[in-house]
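The values are calculated or read from the model by the stated rules, or taken from the named source; none is laboratory data. Please read these numbers as outputs of a predicted model, since none were measured by experiment. Reconstructed Cβ throughout: ideal geometry from the backbone, glycine too, with neighbour counts over all protein chains shown. Ligands, DNA and RNA are stripped out before the accessible areas are found, and what is left, the full protein with its side chains, is counted by its heavy atoms. Shrake-Rupley method; radii C 1.70, N 1.55, O 1.52, S 1.80 Å.
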Amino acid sequence: FLEGMPAMLPAAAMAAAQESRKTRFYVLEQYYLENGSQPGRIHEFLSKAAMPMLERVHKGPKIVLEALVAAHMPQVAVILGMESMSEIYSISKALFSDKDFGRAFDQWEAGEPPYVSSSATLLEATTYSPEIVKPEKAPPAPRIFELRTYHSPTARQWKALHERFAGPEIKIFHRVGVHPLFYSSTVFGMNRPNLTYLIPFDSLAAREKAWNAFGADEEWVRVRKESIDRSGQISSVIQMSLYRATPYSPIR
């Protein structure tokens, strides 16, 4: 849990000063499970050890998700918002310096493997990405979260993709009921260069209604055509996964 991230970060990057009180990076950890004891074990570890400890050492956004539709299921995803790369290292150090957390981690890993495999992706928030704000009142039921990644064939088209989002596309999103929590680009991970964003919906029905309205929006039809005419097909691979927030997720 965040254990492998510090080794990925060059010392110069970890030492770089970042703007204070602003989420600049997101760590996305995905745990690929098999049916049986693994789902129950990871939820017990996260709910009873990892999340309580993170609440003490990290004040940034924290989201825990369980896959509904994904390439590998069962799956649990953890998303943590960070102010800087150095914060990733300091939080990891704080976690594994705590004896209670260390015992819980060792217990989780004891016996049969706790998961089939895992991945860690470092995302950098875009300049137009909003700041995640925890609702004062939790929703009555855990929301649906859609994770989308758009891969661009070239850096030029990737830049055009971000320009389209930062310009008219976000305005259309908000008009039809699509309100992403963040927009980002992958620093370390698959399908670079890309745009990755996370959208909460109250329900699957609300999601379907919003995307149907988006696809039929006259301004979006025009904007998309203009974008393709100007820069070609600026996203060649689109990956989509649906999750439900866990009951113990700080943001759900």
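Quick rundown of the values:
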{"quantity": "Counted residues, the range 174-206 - those being without any contact (Cβ under 8 Å) to a residue 40 or more places away in the chain and either over 19 Å from Ala67 (Cα atoms) or aromatic (Phe, Trp, Tyr) (or both)", "calculated": "4"}
{"quantity": "Hits in the range 38-54 (condition: in contact with a Pro (Cβ under 6 Å, 6 or more places away or on another chain) and either without any contact (Cβ under 8 Å) to a residue 60 or more places away in the chain or part of a loop (DSSP other than H, G, I, E, B) (or both))", "calculated": "Pro39"}
{"quantity": "Considering residues of the range 133-157 that are assigned to a strand (DSSP E or B) and hydrophobic (A, V, I, L, M, F, W, C) only, the residue surrounded by the most Cβ atoms within 10 Å (Cβ to Cβ)", "calculated": "Phe145"}
{"quantity": "Residues being open to solvent by less than 30 Å² (accessible area, probe 1.4 Å) and in contact with a helix residue (DSSP H, G or I) (Cβ under 9 Å, 6 or more places away or on another chain) - total across the range 165-175", "calculated": "5"}
{"quantity": "Matching residues, the range 103-132, being assigned to a loop (DSSP other than H, G, I, E, B), closer than 18 Å to Phe182 by Cβ and not charged (D, E, K, R)", "calculated": "Thr126, Thr127, Tyr128, Ser129, Pro130, Ile132"}
{"quantity": "Sole exception among (1) within 20 Å of Tyr26 (Cα to Cα); (2) of a type in the set (Gly, Ala, Ser); (3) open to solvent by 10 Å² or more (accessible area, probe 1.4 Å); (4) modelled with pLDDT of 95 or more for Ala206, by number", "calculated": "(1)"}
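Results for (1) in a strand (DSSP E or B); (2) surrounded by fewer than 19 Cβ atoms within 10 Å (Cβ to Cβ), shown as yes or no for each residue.
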residue: Gly36; (1), (2): no, yes
residue: Arg56; (1), (2): no, yes
residue: Gly81; (1), (2): yes, no
residue: Phe101; (1), (2): no, no
